[in-house]
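The values are calculated or read from the model by the stated rules, or taken from the named source; none is laboratory data. Keep in mind the model is a prediction, meaning the values are calculated, not measured. Neighbour counts are summed over all protein chains in view; Cβ atoms, including those assigned to glycine, are modelled from backbone coordinates with ideal geometry.
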Amino acid sequence: MEQAKEHPTPTQDLPILNIIGDKVALGPIHRDLVPLYYRWVNDFAVLRTLRIPRPSTLEEIQAAYEAEVARERLRTVVYFTIYDRATLQPIGRTDLGDINYRDRSAGFGIEIGEADYRGRGYGTEATRLTLDYAFTALGLYSVCLETWEYNLAAQHAYANAGFREYGRRRQAKFMGGKLWDIICMDCLSTEFVSPVLSQILVPDERRGHSEKE
């Protein structure tokens with residue numbers, strides 16, 4: 001008698017992935033990943049390009065996670081965890097903030113928490129996938145960001161993803177004993193080509209038979 005074939009079953013070890021690219025995938029933030037977020041936010045090499053570095057407690061990051069979940073319920077912000085597609089290792093986070101559906105605009109933020117994944121194109125693709133969600137899923141028109149003049153790697157990644165500089169706030173960021181410009185960049189939906197979601201979020205096509213059948 002032939003034995004029934006075993007079928008793989010989903011496990012909690014496999015993360016939920018919402019948008020899958022070539023090198024990275026985006027999925028929801030998760031409470032089980034708070035210790036990892038905690039490690040990233042205490043890495044001064046990560047904070048160097050985000051804000052003034054300072055130590056953060058686990059309790060603080062847990063409270064921040066709960067606040068993020070609450071903000072997501074209001075639909076004014078969307079957070080993603082970034083995964084290495086090949087290994088499914090969490091490597092960073094990306095977000096759309098201050099989402100304004102009337103003006104069809106939002107702000108963008110990203111952090112690559114794992115040092116081994118910086119400068120290798122993972123951040124660029126994660127940025128493009130987040131823009132794809134903003135324009136294709138949410139129907140937004142304009143996404144903007146701020147970066148620092150000294151953060152050359154980020155400027156390069158953002159430009160490759162579709163952002164363009166539109167202005168500067170001069171000498172408004174202190175780093176390494178010097179004041180640097182804050183660079184303002186944006187991307188418009190008319191300047192962006194969807195890499196993934198335009199092939200998924202599509203209407204049904206009519207079939208060959210009548211609607212009554």
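Tabulated results
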| item | result |
| --- | --- |
| Residue list for region 45-71, restricted to those being over 20 Å from the mean Cα position of the chain (by Cα) and closer than 22 Å to ALA153 by Cα | ILE52, PRO53 |
| Selection from region 100-136 of residues that are buried (at least 21 other Cβ atoms within 10 Å of the Cβ), farther than 15 Å from ASP22 by Cα and hydrophobic (A, V, I, L, M, F, W, C) | ALA106, PHE108, ILE110, ILE112, LEU131, ALA134, PHE135 |
| Among the residues listed as THR76, THR87, the single one being among the hydroxyl-bearing types (Ser, Thr, Tyr), at pLDDT below 95 and surrounded by fewer than 19 Cβ atoms within 10 Å (Cβ to Cβ) | THR76 |
| Enumeration of residues in region 74-106 that are of a type in the set (A, V, I, L, M, F, W, C) and in a loop (DSSP other than H, G, I, E, B) | LEU74, VAL77, ALA86, LEU88 |
| Residue within region 130-149 that is acidic (Asp, Glu), assigned to a helix (DSSP H, G or I) and either closer than 25 Å to ILE91 by Cα or at pLDDT 95 or above (or both) present | yes |
| Filtered residue count, region 158-213, keeping only those that are surrounded by 10 or more Cβ atoms within 10 Å (Cβ to Cβ) and of a type in the set (S, T, N, Q) | 5 |
| The lone exception for GLY139 - which of (1) touching a Phe, Trp or Tyr at 6+ places or on another chain (Cβ under 9 Å); (2) buried (at least 17 other Cβ atoms within 10 Å of the Cβ) it fails | (2) |
| Qualifying residue in region 100-115 (condition: among the hydroxyl-bearing types (Ser, Thr, Tyr), under 24 Å from THR147 (Cβ atoms) and at pLDDT 95 or above) | yes |
| Count of region 152-178 residues which are in contact (Cβ under 8 Å) with a residue 24 or more places away in the chain and in a loop (DSSP other than H, G, I, E, B) | 3 |
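Residues are listed down the side, and each one gets a yes or a no for (1) more than 28 Å from TRP180 (Cβ to Cβ); (2) of a type in the set (Asp, Glu); (3) in a loop (DSSP other than H, G, I, E, B); (4) at pLDDT 95 or above:
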residue	(1), (2), (3), (4)
GLU6	yes, yes, yes, no
PRO10	yes, no, yes, no
ASP13	yes, yes, yes, no
VAL34	yes, no, no, yes
ARG51	no, no, yes, no
